[in-house]
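The values are calculated or read from the model by the stated rules, or taken from the named source; none is laboratory data. Computed from a predicted structure; not experimentally measured. Virtual Cβ from ideal backbone geometry, glycine too; neighbours counted across all protein chains shown. What goes into the accessible areas is simple: the full protein's heavy atoms, side chains included, and nothing from ligands, DNA or RNA. Shrake-Rupley method; radii C 1.70, N 1.55, O 1.52, S 1.80 Å.
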Amino acid sequence: MTILDSSVDPSVDTFDVSIVIVSFNTRAVLRECLESVERESAGLRVEVLVVDNHSSDASPEMIEREFPQVRLFRSDVNLGFASANNIALQAVRGRYPVLLNSDAFLRSGALTLAVQHMDENPSVGLAGARLVGRDDAWQPSARMFPSLLADFLVMTGLAAKFPQSRFFGSFDRTWADPLIPAETDWVPGAFSIIRPDALRKAGLFDPDFFLYSEEVDLCLRIRDAGYKIWYWPDIVVTHIGGESSRQVKSLDMSITGAQLVLWSIRSTLLYYRKHHGSAAWRAKMLRIALCRLVVLRNSFRRDLRRRARAAEYRKHIELIKQAWEDTHGGRVSPPRPW
């Protein structure tokens, strides 16, 4: 693996914010992301670090041509989200690192408010924003840690059916007013601002998580280090979602997104094994049992869509078993890139 870092401006030795962006074949939205950072940097000393995960769409060349002030790290392999972020986090010079997805765009005042809140709340180790789509539709922005109960409620559809219930809607906090700030368990990695002391105590991202669950694991370790995780809704970020993952191409991919499903299950098993031991096995069996119920309900229907759903969930069962084998029951991360 080779990492190439663009030159550093020696005239500036400190910044208010270090924006860290990981990109994989997202040139168009990455440009929009960087433009939003430029707009929202007024009044702040901001450095931008982009780690390119071996893109093939000329993203690095676009950065060098249109954003020469950006510190560009070019990897000759796809490191995944966690390891790529770690490369930049070890090189930041700002008072606060800010993780920003390449398909996320800062709205008015986002950076200024994020810095202000962190300055005023020294007990907060990591905080997130209110994520919305281009149409301003709310996205889950403050979540609770995974559990077997939460898995059951989400996978059975009960969480979606009763979103206003504190019980059924607990995982995504769909019952809560999204305009009210709140302490939470974890926030999505599309935008997060981090206190360096918290990161030093908790450690960087766990590289075992190639994609998915890495921010959950980091938030849990930051909380264990004695810091709080907060959601601040006055910080607004537009998030498209899934741009890098949509660029993954493999002969094993199907219309159901089999490869991404496999990666998600791998990360889930790694998370459960790391933090809950034998619960990894129970998480696997819960998923298999629920998938088998879906297969049973749909296999003998005349409706072709129902039968296709049964076939999809049979494939899902195969992926669960494969992920269990790939990770040795959640104990080992497969060789990268996944």
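Note on the stretch 153-183: among residues that are touching a helix residue (DSSP H, G or I) at 6+ places or on another chain (Cβ under 7 Å) and aliphatic (A, V, I, L, M), the one that is farthest from R297 (Cα to Cα) is A159.
Say whether the condition of being surrounded by 15 or more Cβ atoms within 10 Å (Cβ to Cβ) and under 22 Å from L149 (Cα atoms) is met by at least one residue in the stretch 188-201. Yes, the stretch 188-201 contains at least one residue that is surrounded by 15 or more Cβ atoms within 10 Å (Cβ to Cβ) and under 22 Å from L149 (Cα atoms). Out of S102, S83, one residue alone is part of a loop (DSSP other than H, G, I, E, B), polar (S, T, N, Q) and in contact (Cβ under 8 Å) with a residue 60 or more places away in the chain. It is S102.
Hey, among the residues in the stretch 55-70 that are open to solvent by 20 Å² or more (accessible area, probe 1.4 Å) and in a loop (DSSP other than H, G, I, E, B), which one's farthest from S36 (Cα to Cα)?
Applying the filter and picking the extreme gives S56.
When the stretch 71-95 is filtered for residues that are closer than 20 Å to R45 by Cα and open to solvent by 10 Å² or more (accessible area, probe 1.4 Å), the ones remaining, listed by number, are R71, L89, Q90, A91, V92, R93, G94, R95. Candidates are the residues of the stretch 301-338 that are in a loop (DSSP other than H, G, I, E, B) and open to solvent by 100 Å² or more (accessible area, probe 1.4 Å); the one that is farthest from V261 (Cα to Cα) is R302. Of all residues in the stretch 39-54, exactly one satisfies the criterion of being over 26 Å from T14 (Cβ atoms) and open to solvent by 70 Å² or more (accessible area, probe 1.4 Å), namely H54. Only one of the numbered conditions (1) within 14 Å of the chain's Cα centre (by Cα); (2) buried (at least 21 other Cβ atoms within 10 Å of the Cβ); (3) not aliphatic (A, V, I, L, M) is violated by P140, and that is (2).
Taking (1) on the phi > 0 side of the Ramachandran plot; (2) in a helix (DSSP H, G or I) in turn, G43 satisfies each apart from (2).
Would you be able to say whether some residue in the stretch 25-38 is in contact with a strand residue (DSSP E or B) (Cβ under 7 Å, 6 or more places away or on another chain), at pLDDT below 95, surrounded by 16 or more Cβ atoms within 10 Å (Cβ to Cβ) and within 23 Å of I194 (Cβ to Cβ)? Within the stretch 25-38 (the criterion being in contact with a strand residue (DSSP E or B) (Cβ under 7 Å, 6 or more places away or on another chain), at pLDDT below 95, surrounded by 16 or more Cβ atoms within 10 Å (Cβ to Cβ) and within 23 Å of I194 (Cβ to Cβ)), the answer is no, since none of the residues qualifies. Within the stretch 119-137, the only residue that satisfies the criterion of being part of a strand (DSSP E or B) and open to solvent by 10 Å² or more (accessible area, probe 1.4 Å) is R130. Set side by side, the residues A114, A127, A110, A88 differ, and just one is at pLDDT 95 or above, under 17 Å from S23 (Cα atoms) and not aromatic (F, W, Y), which is A88.
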